[in-house]
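Note sheet for the following structure.
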Amino acid sequence: MLGIQEAATLLGVTMRTLRFYEDKGLIAPQRAGTTRIYSKREIGRMQLILRGKRLGFSIREIKEFLDLYDVDPEHLEQVRALRARIRERIADLRKQKLAIEQTLDELLSIERQASARLEGSPVRPVHD
DNA sequence: ATTCTGACA
DNA sequence: TGTCAGAA
(Lines give C-alpha, C1' and ligand atoms only; values in the text may rest on other atoms or scores of the structure.)
Protein backbone atom coordinates (compact mmCIF):
# COMPACT_ATOMS: atom_id res chain seq x y z
CA MET A 1 0.00 0.00 0.00
CA LEU A 2 1.40 3.37 -1.02
CA GLY A 3 0.64 6.96 -0.12
CA ILE A 4 -0.30 9.34 -2.90
CA GLN A 5 3.18 10.84 -3.08
CA GLU A 6 4.83 7.43 -3.35
CA ALA A 7 2.31 6.19 -5.88
CA ALA A 8 2.78 9.33 -7.96
CA THR A 9 6.56 8.99 -7.95
CA LEU A 10 6.34 5.33 -8.85
CA LEU A 11 4.04 6.10 -11.77
CA GLY A 12 5.91 9.17 -12.89
CA VAL A 13 2.96 11.52 -12.44
CA THR A 14 1.92 14.12 -9.87
CA MET A 15 -0.54 13.79 -7.02
CA ARG A 16 -2.83 16.06 -9.01
CA THR A 17 -2.93 13.52 -11.81
CA LEU A 18 -3.93 10.71 -9.47
CA ARG A 19 -6.75 12.81 -8.01
CA PHE A 20 -7.76 13.82 -11.52
CA TYR A 21 -8.29 10.25 -12.68
CA GLU A 22 -10.09 9.47 -9.46
CA ASP A 23 -12.51 12.31 -10.12
CA LYS A 24 -13.08 10.85 -13.56
CA GLY A 25 -13.96 7.53 -11.95
CA LEU A 26 -11.08 5.54 -13.38
CA ILE A 27 -9.60 4.63 -10.05
CA ALA A 28 -10.97 4.40 -6.52
CA PRO A 29 -8.14 4.18 -4.02
CA GLN A 30 -8.97 3.06 -0.51
CA ARG A 31 -9.08 5.63 2.23
CA ALA A 32 -7.54 5.86 5.65
CA GLY A 33 -9.87 8.54 6.90
CA THR A 34 -9.55 11.11 4.15
CA THR A 35 -6.10 10.19 2.89
CA ARG A 36 -5.82 7.99 -0.14
CA ILE A 37 -4.12 4.62 -0.11
CA TYR A 38 -2.99 3.06 -3.38
CA SER A 39 -2.93 -0.72 -3.55
CA LYS A 40 -1.30 -2.83 -6.22
CA ARG A 41 -4.63 -2.84 -8.03
CA GLU A 42 -4.79 0.94 -8.34
CA ILE A 43 -1.19 1.05 -9.49
CA GLY A 44 -1.93 -1.52 -12.16
CA ARG A 45 -4.99 0.36 -13.30
CA MET A 46 -3.04 3.59 -13.42
CA GLN A 47 -0.40 1.99 -15.62
CA LEU A 48 -3.14 0.90 -18.01
CA ILE A 49 -4.62 4.39 -17.91
CA LEU A 50 -1.31 6.01 -18.71
CA ARG A 51 -0.68 3.63 -21.56
CA GLY A 52 -4.14 4.27 -22.95
CA LYS A 53 -3.46 7.97 -22.80
CA ARG A 54 -0.17 7.57 -24.63
CA LEU A 55 -1.94 5.66 -27.38
CA GLY A 56 -4.41 8.47 -27.75
CA PHE A 57 -7.53 7.04 -26.16
CA SER A 58 -10.03 9.26 -24.38
CA ILE A 59 -10.64 9.13 -20.66
CA ARG A 60 -14.03 7.65 -21.35
CA GLU A 61 -12.71 4.92 -23.61
CA ILE A 62 -10.10 4.01 -21.03
CA LYS A 63 -12.78 3.95 -18.33
CA GLU A 64 -15.00 1.63 -20.35
CA PHE A 65 -12.04 -0.65 -20.91
CA LEU A 66 -11.20 -0.69 -17.22
CA ASP A 67 -14.79 -1.33 -16.18
CA LEU A 68 -14.90 -4.43 -18.35
CA TYR A 69 -11.73 -5.65 -16.73
CA ASP A 70 -13.57 -5.86 -13.41
CA VAL A 71 -16.83 -7.46 -14.56
CA ASP A 72 -15.24 -9.96 -16.91
CA PRO A 73 -12.71 -12.27 -15.20
CA GLU A 74 -11.77 -14.00 -18.44
CA HIS A 75 -11.36 -10.63 -20.16
CA LEU A 76 -12.99 -12.00 -23.30
CA GLU A 77 -15.48 -9.22 -23.80
CA GLN A 78 -12.79 -6.83 -22.75
CA VAL A 79 -10.36 -7.99 -25.39
CA ARG A 80 -13.02 -7.74 -28.07
CA ALA A 81 -13.89 -4.22 -27.01
CA LEU A 82 -10.22 -3.32 -26.91
CA ARG A 83 -9.64 -4.67 -30.40
CA ALA A 84 -12.60 -2.69 -31.68
CA ARG A 85 -11.19 0.50 -30.18
CA ILE A 86 -7.73 -0.24 -31.48
CA ARG A 87 -9.10 -0.59 -34.98
CA GLU A 88 -10.98 2.66 -34.68
CA ARG A 89 -7.86 4.36 -33.44
CA ILE A 90 -5.79 2.96 -36.29
CA ALA A 91 -8.38 4.08 -38.82
CA ASP A 92 -8.45 7.53 -37.28
CA LEU A 93 -4.68 7.87 -37.30
CA ARG A 94 -4.51 6.76 -40.92
CA LYS A 95 -7.08 9.37 -41.76
CA GLN A 96 -5.06 12.03 -40.00
CA LYS A 97 -1.90 10.79 -41.67
CA LEU A 98 -3.50 11.19 -45.07
CA ALA A 99 -4.68 14.69 -44.22
CA ILE A 100 -1.18 15.63 -43.09
CA GLU A 101 0.38 14.23 -46.25
CA GLN A 102 -2.03 16.21 -48.39
CA THR A 103 -1.38 19.50 -46.68
CA LEU A 104 2.31 18.72 -46.73
CA ASP A 105 2.21 18.18 -50.48
CA GLU A 106 0.29 21.39 -50.91
CA LEU A 107 2.77 23.32 -48.84
CA LEU A 108 5.72 21.82 -50.68
CA SER A 109 4.08 22.76 -53.97
CA ILE A 110 3.67 26.36 -52.88
CA GLU A 111 7.20 26.36 -51.56
CA ARG A 112 8.49 25.23 -54.94
CA GLN A 113 6.55 27.95 -56.74
CA ALA A 114 7.90 30.56 -54.37
CA SER A 115 11.44 29.31 -54.89
CA ALA A 116 11.00 29.32 -58.66
CA ARG A 117 9.88 32.93 -58.49
CA LEU A 118 13.00 33.82 -56.61
CA GLU A 119 15.10 32.08 -59.29
CA GLY A 120 17.87 30.28 -57.51
CA SER A 121 18.08 32.86 -54.78
CA PRO A 122 20.65 31.83 -52.14
CA VAL A 123 17.91 31.84 -49.52
CA ARG A 124 16.48 28.31 -49.37
CA PRO A 125 13.57 27.34 -47.08
CA VAL A 126 14.42 24.68 -44.53
CA HIS A 127 13.67 21.05 -45.16
CA ASP A 128 13.60 18.10 -42.76
C1' DA B 1 5.21 18.14 7.22
C1' DT B 2 1.65 16.04 4.21
C1' DT B 3 -2.77 15.59 2.12
C1' DC B 4 -7.55 17.16 1.00
C1' DT B 5 -10.99 19.89 -1.62
C1' DG B 6 -12.26 23.52 -4.54
C1' DA B 7 -11.24 27.04 -7.79
C1' DC B 8 -9.05 29.55 -11.85
C1' DA B 9 -4.87 36.32 -13.53
C1' DT C 1 -2.89 19.37 -15.32
C1' DG C 2 -0.57 23.22 -12.71
C1' DT C 3 -1.02 25.84 -8.70
C1' DC C 4 -2.65 28.42 -4.89
C1' DA C 5 -5.64 28.82 -0.74
C1' DG C 6 -7.54 27.35 3.64
C1' DA C 7 -8.46 23.40 6.60
C1' DA C 8 -7.40 18.98 8.79
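See the values below:
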{"read-out": "Where a residue in the range A:7-28 is outside any helix (DSSP H, G or I) and open to solvent by 30 Å² or more (accessible area, probe 1.4 Å) and its partner, wherever it lies, is within 12 Å of DNA strand B (Cβ to nearest atom) and at pLDDT 95 or above, with Cβ under 6 Å and at least six apart", "value": "A:14/A:8"}
{"read-out": "Residue list for the range A:29-43, restricted to those being out of contact with any helix residue (DSSP H, G or I) (no Cβ under 9 Å at 6 or more places or on another chain) and open to solvent by 30 Å² or more (accessible area, probe 1.4 Å)", "value": "A:31, A:32, A:33, A:34, A:40, A:41"}
{"read-out": "Residue count, the range A:44-54 (criterion: surrounded by 13 or more Cβ atoms within 10 Å (Cβ to Cβ), within 11 Å of DNA strand C (Cβ to nearest atom) and basic (Lys, Arg))", "value": "1"}
{"read-out": "Any hit, the range A:64-72, residues being surrounded by 12 or more Cβ atoms within 10 Å (Cβ to Cβ), part of a helix (DSSP H, G or I) and at pLDDT 95 or above", "value": "no"}
{"read-out": "Single match in A:63, A:53 (criterion: in the same structural domain as residue A:19 (by TED's automatic domain parsing) and closer than 19 Å to residue A:88 by Cβ)", "value": "A:53"}
{"read-out": "Options A:36, A:45; residue that is closer than 19 Å to residue A:8 by Cβ and not in a helix (DSSP H, G or I)", "value": "A:36"}
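The values are calculated or read from the model by the stated rules, or taken from the named source; none is laboratory data. Predicted model only: the values in this text are computed from it and were never measured. Methodologically, a virtual Cβ is constructed for each residue, glycine included, from the backbone with ideal geometry; neighbour enumeration extends over all protein chains shown. Protein only, heavy atoms only, side chains kept; ligands, DNA and RNA dropped before computing areas. Shrake-Rupley method; radii C 1.70, N 1.55, O 1.52, S 1.80 Å.
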